[in-house]
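The values are calculated or read from the model by the stated rules, or taken from the named source; none is laboratory data. Source: prediction; values computed, not measured. Counting neighbours? That spans all protein chains shown, and the Cβs are built from the backbone with ideal geometry, glycine included.
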Amino acid sequence: MQSCKSITQKLVYLMLSLAVLSFGSEIPIQTLDMNLNRGANFAIESILPGEISEVEVDHITLKGPFTYDEEISEIQDLIYLFLTGEGTFYSRDTKKQIEKESIAVATSATSVRIKVPRWETLHFIRIKKLLSEKDFQDIASFPPENRGELYFKTFLECEAYTEKIKSPNTVSRTILPKDHIPRVAMGTVQAPGPDAVGAHEHGMLEQLFLGLSNNQITVHADGINCDFGEYDILHIPRGSSHGVSVEDNNQMYYVWMDFFMTKEGQVWLKTHKSMDDK
C-alpha cells in the first residue's frame, strides 16, 4: 500500500494510475473498478485483502445474459450489497427482484443464484464472514427467523435511526441489524452538505465505509484528511478517532459496516436511537 500523507504524494500516485491508496500508514482506501468486466460476462476484484480478520470482500460484475451460482459453505456467512443494475436473486424457494442499493443475506441456504437479463450490468459487493466456534454458540441464541428466512431489502425501506454525533439533517438507516450474522451490523448515512458526522472512536470493532452514488465527502481520521467519493471503500481501524464532513452542494451517502470483536461489543449499537421510538 502507498500513503497519501501529502498532496504531492497523492498526485504522484494518481499519475502512476494506482488503484489502491492509503492515507496515513494504517487506513487504506480503494476505488471500485466500475468497468471491471470490460466485455466479459463475469469479473471479480478483491477489495482491501487481508485488512480485517475473518472477512473477505469482493467486487463482482455480471453482464447479462448471465446466471451466477454460488455455493455457501457451512463455516461462512455471505452478504450481498447490490450497487447498480438489476437482476433476480434466488435462494431456496424464494425469488427477489434485485434493485440498486439493496442487500441480501441467505444464512439458511446452501447455494444462491443471481440471474442478470440481456443488456443489463449488475455490480455488487460480496462479503464473506468466517464463522468461529464462538459464533456458532451465539447463533443458537438468535431469533430463529433471523437465520431461517432470506433477508432481502432495499436500503430505503430499512429502519431509520438517529445518533448524537449526527445532525438532524442526516438520515441514517440500519440495513443489517445485529444477530443475523454474528458480530456484524451495517447501515447507511445520508445528508446534503454542509453537514458532518462528529469525531468518535470505537475500540470494539473494525469498520469499512463504502461510498454510494454521488457520495463526495472528506473522511478525517487521526488528524489526516482524505477525499472519499462514489464507490470508494476504506477501512477505519479499531480505536481510530474519525469523523466525516461534506461541503455545500455535495452529498454524504455511504454504507458503514461494523465487524465486532465480541458479541458483547455490540452494545455500541445502543447509541442508535430508532426513529420509531422517537
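With the requirement that a residue be outside any strand (DSSP E or B) and of a type in the set (A, V, I, L, M), what does the range 87-135 give you? Steps first, please.
Within the range 87-135, the subset outside any strand (DSSP E or B) is 92-93, 99-101, 106-110, 117-120, 131-135.
Listed by number, the residues that qualify are Ala106, Ala109, Leu131.
Matching residues to (1) touching a residue at least 24 places away in the same chain (Cβ under 8 Å); (2) of a type in the set (Val, Ile, Thr); (3) over 22 Å from Tyr80 (Cα atoms):
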{"residue": "Ser111", "(1), (2), (3)": "yes, no, no"}
{"residue": "Ile127", "(1), (2), (3)": "yes, yes, no"}
{"residue": "Ser132", "(1), (2), (3)": "yes, no, no"}
{"residue": "Phe155", "(1), (2), (3)": "yes, no, no"}
{"residue": "Lys164", "(1), (2), (3)": "yes, no, yes"}
{"residue": "Pro177", "(1), (2), (3)": "no, no, no"}
{"residue": "Pro192", "(1), (2), (3)": "yes, no, yes"}
{"residue": "Leu205", "(1), (2), (3)": "yes, no, no"}
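Where residues in the range 101-125 are surrounded by fewer than 19 Cβ atoms within 10 Å (Cβ to Cβ) and in contact with a helix residue (DSSP H, G or I) (Cβ under 9 Å, 6 or more places away or on another chain), which of them is nearest to Ile181 (Cα to Cα)? The qualifying residue nearest to Ile181 (Cα to Cα) is Ser108.
Residue check: Ser172 meets all listed conditions (1) part of a strand (DSSP E or B); (2) surrounded by fewer than 20 Cβ atoms within 10 Å (Cβ to Cβ) but one, namely (2).
Among the residues of the range 178-212, write down those that are outside any strand (DSSP E or B) and within 13 Å of the chain's Cα centre (by Cα). Passing the criteria: only Leu212. If you go through the range 222-260 and keep only what is modelled with pLDDT under 90 and either in contact with a Lys or Arg (Cβ under 8 Å, 6 or more places away or on another chain) or aliphatic (A, V, I, L, M) (or both), you end up with just Ile224.
Does Ile79 satisfy being touching a Ser or Thr at 6+ places or on another chain (Cβ under 8 Å), at negative phi and modelled with pLDDT of 95 or more? For Ile79, the condition - touching a Ser or Thr at 6+ places or on another chain (Cβ under 8 Å), at negative phi and modelled with pLDDT of 95 or more - is not met. If we scan the range 30-39, do we find a residue that is free of Cβ contacts under 8 Å to residues at least 12 places away in the same chain and either within 21 Å of Asp232 (Cα to Cα) or under 19 Å from the mean Cα position of the chain (by Cα) (or both)? Checked against the condition, which is being free of Cβ contacts under 8 Å to residues at least 12 places away in the same chain and either within 21 Å of Asp232 (Cα to Cα) or under 19 Å from the mean Cα position of the chain (by Cα) (or both), the range 30-39 yields at least one hit.
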